[in-house]
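One structure below.
The values are calculated or read from the model by the stated rules, or taken from the named source; none is laboratory data. It should be emphasised that the depicted structure is a prediction, and the values quoted were computed from it without experimental measurement. Cβ sites come from the backbone with ideal geometry, for glycine too, and all protein chains shown count toward neighbours.
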Amino acid sequence: MPNPLPTDPLQSHYQHELLQAGLDLLDQGLTVIDGNLNIVAWNKAFLRLLDFPQDMAFVGATFESFIRFNAERGEYGPGDVDELVAERMRLARSFTAHYTERDRPGGQILAVRGEPLPHNGFVTLYTDITASRRFEQQIQQQNAELENRVTQRTAELQAANQRLIAADDANQRITTALRRSEENLRLITDTVPALIGYFDHQEIYRYVNKGYAEWFGCVKDEVLGRSIREVTGDEVYTDISRHVHQALQGQSVSYEYAMRHPGGRVVYARSELVPERDAQGLVVGCFVLSVNITDLKNAQAALVHAQKMEAVGQLTGGLAHDFNNLLTVVIGNLVTLHERYPDDAEIGEYVVPALKASRRGASLIKRLLAFARKQPLLPKAVNIADLVDDTLSLLHRTLPAHIAVSSAPLDEPLFAMTDAQQLENALLNLALNARDAMPDGGQLTVRATRLLLGLGQAADFDVVPGCYVALSVSDTGIGMDAATQARASEPFFTTKRFGAGSGLGLSMVYGFAKQSGGGLRIQSALGEGCVVTLVLPCTAEDPDAAPFTGEPLHTGLASPERPLVLLVEDDPDVRRVIRLQLVGLGYPVIEADHAADALQLLASVPTVGILISDMVMPGGMDGRTLCRTASLSAPHVRFLLISGYSTGEGASPDMDASLPLLKKPFSALELQSALDGLSA
């Protein structure tokens, strides 16, 4: 293992220059301030990011001079310059760790992080966080700059070596100074949030900073003297070995790689390899500069997934309208036929299965809308303990005996703001997926906990930081590889055999979670089972929630007389079914197939008491506009909108959103309930 404090002055100066060159290559600005608040080290990015003149930076320059320069050009806002400078100098003398973000003129945003040094003083990093989206272009430019700078520095170091040979009498003073400088630079590089290393032509690490060692779960002394394969592991080395070989042949390379940490979390890094050549032009090793891009990769994956969901959501919304109109006709006619011939077994033999299949079609549309986040939810405070108990009771009855079902006890009462029925369906979907992953049996566990998600954890679920209820379903099944895990929540994606699954289970759960303000995370590996965690916003117990007594709600008109209904629907088959339902409920009905006819009928038939209108109709006037226009001439009329769309799409955005809406397909009982709920 190499001596950490070299006694050879040429080698010390050589390492000093190499470390300084590495600092100048960083995109982040860096300064080192001693205990007297004087600058002892900086890099070019510091001057560039903060627009400081180059002649301001020299060893011994005061920290106050930079503060005063900023104050005089208005960087700290209005106020007395001396007072602004004094306040910042007072904070600097505390030598405490600090982090802030500064908005600079022109829209530039700088992240400023300071870390104290031993015996006072501090290292400060300046990061331009406005350029993250142009990261790819910057890396390509930096490749060329890095190679040119290393070549230039190599030539400078060779010239410096010649000068040092002729200056033997100064060797001792240079050695002492370089030793102190090397210690300071080592401290600086360990503080820099980047992965810096160097390996020789035999692929043996000769230098790494603290961040590089910790990336691979080691300390620095465990990395030095070991090969790349030993440190990175066989899987990572297989991915990067060709890039290493290219670099050792004299070619600068840039690449990305993924690595799985213990526990299953996958992290990503982008690395640059720059060859180092000796005086004869032979490659003797490579510099390594790596950046953790896990957050960037996760953000890109989330964006791609969101775009896929948006596309399917738009398709689903359009299909829902047409399909719900068809189901309204099919179900309405089947119900009417079944009611007219209730005792005819031969008719019932055909009608009952057809009704079941039609209602399954309506349920499928709802599942698609839930995936597309367009299914209306009824969120309220839900007692998670009660919901988990009910779900477990159902699972014990439905899952095969060779699958053991258990739950972890709750440490505290938990309430989530969500739709209880949709949440129960989501847990059942997760449990059924777990069952299919354990064909030979295993353990299924449901857990519920309270989580306070910070920035890092919130990013894993693609939610905002805050308090959440986490519901996880874990199994001991076959698990998923990385490729399957990446597509698991895509609609219609399934690994099951044909006919065994629709591929909507996990996508429905994902859509429900996002629509509820929560998120979903999948943790799995082949042969290691799977854990799917659903997070939903926490809430306090609803103090106004009345206990359910089991008594039916009594609604409806006090008088048996039914008001005249004006039914407006452009589809004649749908209009016929709804008219039959209304007549069966005792309502007299007149009809119109578009808004203009409806307004004429209202003007000529003043006894109309209820107007039922489809949301979307031909002729340029939708249902909301019709109701608003009709209310001006007939204020006594009550209104009910019906729609086959997911959430009333197709209406003008400025219309009254308080009008009651009944979704197609609906039964006569649901229609009666909606009519009973109309305010007089």
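Picking from residues in the stretch 535-559 that are among the hydroxyl-bearing types (S, T, Y) and surrounded by 10 or more Cβ atoms within 10 Å (Cβ to Cβ), the one that is modelled with the lowest pLDDT is T555. Taking the numbered list (1) assigned to a loop (DSSP other than H, G, I, E, B); (2) surrounded by 18 or more Cβ atoms within 10 Å (Cβ to Cβ) in turn, R562 passes all entries but (2).
Any residue that is among the acidic types (D, E), closer than 30 Å to D221 by Cα and either part of a loop (DSSP other than H, G, I, E, B) or modelled with pLDDT under 85 (or both) - is there at least one of those in the stretch 5-15? Spell out the reasoning first.
Keep residues of the stretch 5-15 that are among the acidic types (D, E), which gives 8.
From the residues that got through so far, the ones that are closer than 30 Å to D221 by Cα too are 8.
If we keep only those that are either part of a loop (DSSP other than H, G, I, E, B) or modelled with pLDDT under 85 (or both) as well, we get 8.
Yes; the residues of the stretch 5-15 include at least one that is among the acidic types (D, E), closer than 30 Å to D221 by Cα and either part of a loop (DSSP other than H, G, I, E, B) or modelled with pLDDT under 85 (or both).
Residue pairs whose Cβ atoms lie under 6 Å apart, sitting 6 or more positions apart in sequence or on different chains, and linking a residue in the stretch 86-113 that is over 24 Å from R48 (Cα atoms) to a partner that is assigned to a loop (DSSP other than H, G, I, E, B), are F95/N120. Filtering the stretch 452-466 to residues that are surrounded by 12 or more Cβ atoms within 10 Å (Cβ to Cβ) and of a type in the set (G, A, S) leaves A458, A459, G466.
Results for (1) in a helix (DSSP H, G or I); (2) surrounded by 12 or more Cβ atoms within 10 Å (Cβ to Cβ); (3) on the phi > 0 side of the Ramachandran plot; (4) at pLDDT 85 or above, shown as yes or no for each residue.
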| position | (1), (2), (3), (4) |
| --- | --- |
| R68 | yes, yes, no, yes |
| L125 | no, yes, no, yes |
| R133 | yes, no, no, no |
| N143 | yes, yes, no, no |
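Summed over the stretch 449-499, the residues that are modelled with pLDDT under 70, touching a Leu at 6+ places or on another chain (Cβ under 9 Å) and at positive phi give a count of 1.
Please specify each residue of the stretch 377-432 satisfying the condition of being part of a helix (DSSP H, G or I), hydrophobic (A, V, I, L, M, F, W, C) and farther than 14 Å from S516 by Cβ. Of everything in the stretch 377-432, those that are part of a helix (DSSP H, G or I), hydrophobic (A, V, I, L, M, F, W, C) and farther than 14 Å from S516 by Cβ turn out to be A385, V388, L392, L394, L395, L428, L430, A431, L432. As a summary of the residue check, A213 satisfies the conditions (1) buried (at least 20 other Cβ atoms within 10 Å of the Cβ); (2) in contact with a Phe, Trp or Tyr (Cβ under 6 Å, 6 or more places away or on another chain); (3) within 30 Å of H119 (Cβ to Cβ) except for the one numbered (2). Return yes or no: is L19 within 22 Å of P118 (Cα to Cα), at pLDDT 85 or above and surrounded by 18 or more Cβ atoms within 10 Å (Cβ to Cβ)? Answer is no for this residue. Does L303 satisfy the criteria of being at pLDDT 80 or above, hydrophobic (A, V, I, L, M, F, W, C) and surrounded by fewer than 18 Cβ atoms within 10 Å (Cβ to Cβ)? So L303 fails the test. Do you know which of the residues in the stretch 229-268 that are among the small types (G, A, S) and farther than 17 Å from C218 by Cα is surrounded by the fewest Cβ atoms within 10 Å (Cβ to Cβ)? Per the criteria, the residue is G250. Annotation note: Cβ proximity below 7 Å between a residue of the stretch 117-130 that is under 13 Å from R102 (Cβ atoms) and a residue that is part of a helix (DSSP H, G or I) and of a type in the set (A, V, I, L, M, F, W, C) (sequence gap 6+ or interchain) occurs for Y126/F46; Y126/L49; Y126/L50; D128/L49. Report yes if Y257 is free of Cβ contacts under 8 Å to residues at least 24 places away in the same chain, under 28 Å from Q158 (Cα atoms) and part of a strand (DSSP E or B), otherwise no. In short, no. Scoring V382 on the criteria (1) at pLDDT 80 or above; (2) farther than 30 Å from V464 by Cα; (3) among the aliphatic types (A, V, I, L, M) leaves a single failure, condition (2). Of the residues making up the stretch 420-440, those that are surrounded by fewer than 21 Cβ atoms within 10 Å (Cβ to Cβ) and under 18 Å from C538 (Cα atoms) are A420, Q421, E424.
Among the conditions (1) in a helix (DSSP H, G or I); (2) out of contact with any Cys (no Cβ under 6 Å at 6 or more places or on another chain); (3) modelled with pLDDT of 90 or more, the only one that A247 does not satisfy is (2).
I'd like to know if the stretch 271-278 contains one or more residues that are assigned to a strand (DSSP E or B), closer than 17 Å to I204 by Cβ and in contact with a Cys (Cβ under 6 Å, 6 or more places away or on another chain). Yes: the stretch 271-278 contains one or more residues that are assigned to a strand (DSSP E or B), closer than 17 Å to I204 by Cβ and in contact with a Cys (Cβ under 6 Å, 6 or more places away or on another chain).
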